[in-house]
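Trainee: Okay, here's the structure, questions in a sec.
What follows draws every value from the coordinates through simple rules; no lab data is involved. Worth saying up front: this structure is predicted, and the values here are computed from it rather than measured. Here the Cβ is made from the backbone with ideal geometry for all residues, glycine too, and neighbour counts use every protein chain on show.
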Amino acid sequence: MIHRLTISELTTKLARREVSAREATQACLDQIARVDGRLHAFLSHHAADALAQAEAADAALQAGVTHAQKPLLGVPVAVKDVIAVKGQPLNCGSKILGHYVSPFDATVIEKLKDAGAVVFGRLNMDEFAMGSSTENSAFGVTHNPWDLTRAPGGSSGGSAVAVAADECIASLGSDTGGSIRLPAALSGCVGLKPTYGRVSRYGLVAYASSLDQIGPFGKTVRDAALMLGVIGGHDPRDSTSVPQPVPDYAATLDGNLRGLKLGLPKEYFVGGLDPEVKRAVEAAVKTLQELGAELVEISLPHSDYAIASYYIIATAEASANLARFDGVRYGARVDGADPIEMYGRTRGAGFGPEVKRRIVLGTYVLSSGYYDAYYLRAQKVRTLIRQDFLRAFETVDAIVTPTSPTAAFKIGEKADDPLQMYLIDIFTVPCNLAGLCGISVPCGFTASPKLPIGLQILGKPLGEPAVLKVAHAYEQATAWHKQKPPVDG
Ligand code: GLN
């Protein structure tokens, strides 16, 4: 059962030579062979390359390299298909990149490799990270390991499922409006969206550049903290990355919440919230109180406008970012009589319907005559949302909410109704608009069918230590994270 280990457990065993990196990697590959035919979390993986990296890690361990020097030495970590790994395919869940292979490593990948991780596999996702269910992948849907007829959440559905079903020890995803936290909640694992600027975006294919952030999925809060410690930090190749040093996140995980003040936004506990989700989150709040935290009601008055402004800003940025996929620079091309016809045919054939919808919407809200009415106004609302949060953080250390209004929904249930799909992000997008950090941790299950529920903890910019501390204390006081999905049985 090596594949079931957490990073902390595996590195302890590796250090004691009770397990080798090769065995750990092989255990993940075996688990993929066992369950991924039903889950489809992976788009591809290169077993021989993964095992070669594992053998190099074993040689380093043999030579006396420690986990204090290389914190992820020998740990298999899989990667969302939107992050560049040298020599591996990079498709962003889209057909438009064709057989493109990345010629370089993203900064986060360089950092993972420097830390000794076995970096393997391409994880399924909504095309260009646009979606909340992983149904928008051009390569087929990923299934929820708790109920194969349900979606895992998105857009990093593959990253969440691979961790929840023990196909890797940890993974990377990206979060523009909830794409790490939502699938973590719906698939039953931990997902951390770092503060905007905490992690370099160099080598992350851009969706909405002012909102995108790479972050980890893990089986425990401690694992997410360890991963963030490795991938975080300033990068001269991403001018929006912040120069602040990376703290030792794991050191803040002491389980003690005495003296901490946590805010409950009253706007997040009304209408639309599934009663079972509400009950689970209320019980979690009680647990946090018992652990010594003081809970206070707060108000985030502009919450109602978050979804509307997010879907204007994100689509506007996407329409600009996706202009580069033109059949000239990268990937697939469909020829035409002249360049304009070639662009049209290439983009017409290469992009799926949701990506096209976003490009059309984004181009519209940026067009002359509509720019002020939509884009500019959305930017003003974004400032108001950020101010709501910064005001709240003057009195509270972190904010506690549900991660999503419902547990996992059926595959196909919302696919024909984009607005219903967009509304799933209601509790996650404000964090991105305001540039905050946030985590989702398992906090219970629905009764029938049994589906995971996520608790979201939000922190101020660079407030990861407080967020991780609260999440860890909660996790250690409960056993939700230890439950395994039935897909294995
Ligand atoms: N569901 C949201 C969207 O489709 C968020 C996606 C994300 O965070 N990448 O835009």
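Trainee: Evaluate E = 1/(1 + (r/R0)^6) for residue 394 and residue 345, where r is the Cβ-Cβ distance and R0 equals 56 Å; express this FRET efficiency to the nearest 0.05.
Mentor: Working from the Cβ atoms, E equals 0.55.
Trainee: Let me ask you something else. At what distance in nm do the modelled label points of residue 278 and residue 384 sit from each other, each positioned 7 Å from its Cα along Cα→Cβ?
Mentor: Output for this residue pair reads 2.6 nm.
Trainee: I'd like to know which of 336, 74, 151 lies farthest towards the positive end of the charge dipole of the chain, counting +1 on Cβ of Lys and Arg and -1 on Cβ of Asp and Glu.
Mentor: Projecting each Cα onto the dipole axis, the largest value belongs to 74.
Trainee: Taking a cut-off of 14 Å between Cα atoms, list the aspartates and glutamates near residue 278, but don't count ones fewer than 8 places away on the same chain.
Mentor: Output for residue 278: 267.
Trainee: Express the relative contact order of the chain as a whole percentage, based on alpha carbon pairs under 8 Å and six or more residues apart in sequence.
Mentor: 18 percent
Trainee: Restricting things to alpha carbons, tell me how big the chain is in terms of Rg and Dmax, in Å.
Mentor: Considering the chain through its Cα atoms, Rg and Dmax are 21.1, 70 Å.
Trainee: Same structure, new question: Between residue 367 and residue 48, 0.36 nm times their residue separation minus their Cα-Cα distance comes to what?
Mentor: 109.9 nm
Trainee: Out of all Cα-Cα pairs in segment 18-148, roughly what percent, to the nearest whole number, are more than 20 Å apart?
Mentor: 49 percent
Trainee: Are there trypsin sites (Lys or Arg not before Pro) in segment 266-362 that DSSP marks as loop and that have at most 10 other Cβ atoms within 10 Å, and which are they?
Mentor: 329
Trainee: Then there is this: Mind checking which helices in the chain clear 24 Å along their axis (Cα) and have mean Kyte-Doolittle hydropathy of 1.0 or more, DSSP H runs only?
Mentor: Going by DSSP H runs, there are no hits.
Trainee: Per-residue ellipticity at 222 nm for the chain, helices alone: DSSP H runs ≥ 4 residues times -39500 (n - 2.57), over residue total, nearest 500 deg cm²/dmol?
Mentor: -11000 deg cm²/dmol
Trainee: Do you know the Lys pair count in segment 379-489 for C-alpha distances under 17 Å, with sequence separation 8 or more or different chains?
Mentor: 4
Trainee: Then there's this: Could you tell me what a quarter of the Cα convex hull surface of segment 362-414 works out to, in nm² with one decimal place?
Mentor: Taking a quarter of the hull surface, the average projection is 6.2 nm².
Trainee: Extension gain residue 416-residue 295, at 0.36 nm per residue separation less the Cα-Cα distance, in nm?
Mentor: Stretched fully, the residue 416-residue 295 segment lengthens by 39.6 nm.
Trainee: Once you place label points 7 Å from the Cα toward the Cβ at residue 1 and residue 99, how far apart are they in nm?
Mentor: Rounded to a tenth, the inter-label distance reads 4.4 nm.
Trainee: In nm, to one decimal, how far is the residue 320 label point from the residue 270 one, both placed 7 Å along Cα→Cβ?
Mentor: 3.4 nm
Trainee: Straight-line reach only, C-alpha to C-alpha below 17 angstrom: list the lysines that residue 80 could link to, leaving out same-chain residues fewer than 8 apart.
Mentor: Reachable lysines: 95, 111, 113, 193, 219.
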